[in-house]
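Quick note: the coordinates plus some simple rules give every number you see, no bench work behind them. Please read these numbers as outputs of a predicted model, since none were measured by experiment. In this analysis, Cβ positions are derived from the backbone assuming ideal geometry, glycine residues included, and neighbour counts consider all displayed protein chains.
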Amino acid sequence: MSGPATSTVRWGKRADMVVHSSEPFNAEPPASALAGNVLTPMDTFYARNHGAIPHVDPSTWRLTVGGLVGRELSLSLAELRTDYAHQEIVATLQCAGNRRAALLSVRDLPGEEPWGPGATSTARWTGVSLADVLGTAGVGAGAEHVEFAAGDVSPTADPPQAYGGSIDLAKARSREVLLAWGMNGQALPDAHGGPVRVVVPGYIGARSVKWVDRVSVRAQPSDNYFQAVAYRLLPPEADPERSLPGEGLSLGPVALNTAILRPADGARLTAGSTEITGYAFAGDARRVVRVDVSADGGATWRQAFLDEPASAWAWTHWRIRVDLAAGAREILARAWDSTGALQPASPEHVWNPKGYVNNSWARITVHAE
Ligand SMILES: Nc1nc2c(c(=O)[nH]1)N[C@H]1C(S)=C(S)[C@@H](COP(=O)(O)O)O[C@H]1N2
Ligand SMILES: [Mo]
């Protein structure tokens, strides 16, 4: 209905998606499209892919569960749905590259896409707890990690390989980690990992492996490129072209972050009372407890009103009315979490060679007249 018929945006996404790459398909909604929606509509949910989006036939799909288990399992979608209790969880996914654009303006990041604040979205996921499936397989001695493997091959991995990753066993055994076939009440679409994906609430999006077809219980983290080499936080002086498997810090839980969704960066507004809205998110067991907003470049701050999050695994939307003086105004937002941690002030403090985890204060400039 809306959008030009000539739109090149695919996979059922809205016409105004910011497409970072069409093959593989990488796209985020404009920040304003995330505002006001606790659940992100399907056509607005960001898409992050390292290879071509496959179509996996739900009638022939099987999940194998192996490695350090008492007995190997091979489950069809029908078996997964009938043999295990269904779970529904509202959870936010957030890419480790969310808000990378601000790191790029500090220093170049060759080959990395300039994601804005839209590499995060929230859905109601339906599936079964991975914990229950691991329970039937039986976790063996020495198990510390659970690996997820899929069939989509990434040409940018070194060497090119199918996508995969792992999480620690304790997280894998928590109720909230799902093998999900439903998203906002619909069958999981191809672009988001249908027929079944992993959803790891509170962890970077990279661990929520789409099109999952194998779960392996292991003593060590996955050797997959996207666990051992990519999605690791390297020190600023490291050369990502030469980094060896296991170098740097493996990213798991999402760092405390926030973004301003409205008004848009660069917007022209009428001076006076203006509503500022945004999201804040804290990974794993942490909760967003406070968001401060400044309408004068950080000279003074006031606390925003926090909406009740939809679940312990969902983002917190916030809002505040500020009085905007005429001229170019820098608006800042910064969040605090339940451990008392505050976001770092500037992207210079967090710059790293792959451009992950930019959780510096949100900053936009608007022109009030
Ligand atoms: N099989 C597979 N799973 C994947 C990926 C991928 O490229 N292949 N990308 C990961 C990354 S980096 C993110 S941020 C999320 C994005 O999920 P979405 O495309 O549903 O938003 O999926 C993760 N799971
Ligand atoms: Mo990601």
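Key figures
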{"item": "Tally, over the range 278-318, of residues that are touching a Pro at 6+ places or on another chain (Cβ under 6 Å) and of a type in the set (A, V, I, L, M, F, W, C)", "result": "1"}
{"item": "Filter result (among the β-branched types (Val, Ile, Thr) and away from ligand 1 (no atom under 15 Å from the Cβ)) within the range 100-127", "result": "Val106"}
{"item": "Only listed residue being under 27 Å from Gly151 (Cβ atoms) and surrounded by 18 or more Cβ atoms within 10 Å (Cβ to Cβ), chosen from Thr60, Thr40", "result": "Thr40"}
{"item": "Within the range 79-105, considering residues that are within 19 Å of Met183 (Cβ to Cβ) and either without any contact (Cβ under 8 Å) to a residue 12 or more places away in the chain or β-branched (Val, Ile, Thr) (or both), the one nearest to ligand 2 (Cβ to nearest atom)", "result": "Thr92"}
{"item": "Some residue of the range 76-99 being out of contact with any strand residue (DSSP E or B) (no Cβ under 8 Å at 6 or more places or on another chain), farther than 20 Å from Val199 by Cα and more than 16 Å from ligand 1 (Cβ to nearest atom)", "result": "no"}
{"item": "Flag if Trp181 is under 17 Å from the mean Cα position of the chain (by Cα), among the aromatic types (Phe, Trp, Tyr) and within 25 Å of Lys13 (Cβ to Cβ)", "result": "no"}
{"item": "Residue match in the range 126-142 (condition: in contact with a strand residue (DSSP E or B) (Cβ under 8 Å, 6 or more places away or on another chain), within 18 Å of Tyr231 (Cα to Cα) and not in a loop (DSSP other than H, G, I, E, B))", "result": "no"}
{"item": "Strands (runs of 3 or more DSSP E) wholly inside the range 50-124 that include at least 3 residues being of a type outside the set (A, V, I, L, M, F, W, C)", "result": "62-67, 86-94"}
{"item": "Residues of the range 173-223 satisfying the condition of being hydroxyl-bearing (Ser, Thr, Tyr) and over 20 Å from Ala52 (Cα atoms)", "result": "Ser174, Tyr203, Ser216, Ser222"}
